[in-house]
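These notes are about the structure you will find just below.
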Amino acid sequence: MQTPERLPSSRPSWIRRAAGPALAALIAGGALVLSAAPASAQTPGGKYAVIDVRRAVLETEQGLRVQATLKKLFDSRQVELESKQRQLQADKEVLEKEAQQGRTSKEALQKKYEALLKQDADLQRITVDAQREMQRKEQEMTTPILQGIIEAVKRIAAQEGFEMVLEKSAVPYFRADLELTDRAIQLFNSGSGASPKGATPPAGKPAAPASGAPAKAPAAPAAPATKK
């Protein structure tokens, strides 16, 4: 029989690991949309630009509201999980004292120990479920913003003749005036770009209904901009 001293200890906060993966995955997809022109279409004299998609999404007015909403959800789940962790740790310490005092039978200690192991396994499952739920909510709430930013970038590119707009993190060097991040944020906030409520979700994934409105069918992907 394992001794109570070997019971799992409390874990670090999961909230720091929960935020971000969903948005990162969306951004990776968005970068492919922004750089969809085939390599054969690129020419030395082409006109290109870059954008920090993650910053653009998070720093829009709607992105800031989404972050505040997600933080409230994260904090609520964090409080719940930390409470369960503290209770598990307290039960573990009580069992350790009982084992040291030698007044409880081995059979009774074994049953209590097994019960604690079950509580620990349940806590692990709840934590994983909470992480998945938060990532799902993050993706659900940021997808419309990402699509709106992409539409804003397409509009800027069409106006100024950019053949391709690349994700900033994938470009080792570029002139500062070639970055469109701030302009895309401004266009999105002004409502002149694609509306977040009417944004098209990633291919094969329906949009979340906004304000009780039915979800819209995904639009066909835009063709690469032709060279002027």
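The values are calculated or read from the model by the stated rules, or taken from the named source; none is laboratory data. Since this is a predicted model, take the numbers as computed values, not measurements. Neighbour counts run over all protein chains shown; Cβ positions are idealised from the backbone, glycine included.
Brief remarks on what is shown
- Within the stretch 172-194, the set of residues being modelled with pLDDT under 95 and surrounded by fewer than 14 Cβ atoms within 10 Å (Cβ to Cβ) comprises P172, Y173, F174, R175, A176, D177, S190, G191, S192.
- Just one of the numbered conditions (1) modelled with pLDDT of 90 or more; (2) surrounded by fewer than 14 Cβ atoms within 10 Å (Cβ to Cβ) is not true of S40: (1).
- Residue in the stretch 58-67 that is of a type outside the set (A, V, I, L, M) and not in a helix (DSSP H, G or I) present: yes
- Of all residues in the stretch 75-102 being among the small types (G, A, S) and loosely packed, with under 12 Cβ neighbours inside 10 Å, the one that is nearest to M134 (Cα to Cα): S76
- Exclusive hit being charged (D, E, K, R), part of a helix (DSSP H, G or I) and free of Cβ contacts under 8 Å to residues at least 60 places away in the same chain, set E133, E138, E96, E82: E133
- For the residues A158, A152, the requirement of being in contact with a helix residue (DSSP H, G or I) (Cβ under 7 Å, 6 or more places away or on another chain), in a helix (DSSP H, G or I) and within 27 Å of S190 (Cβ to Cβ) singles out A152.
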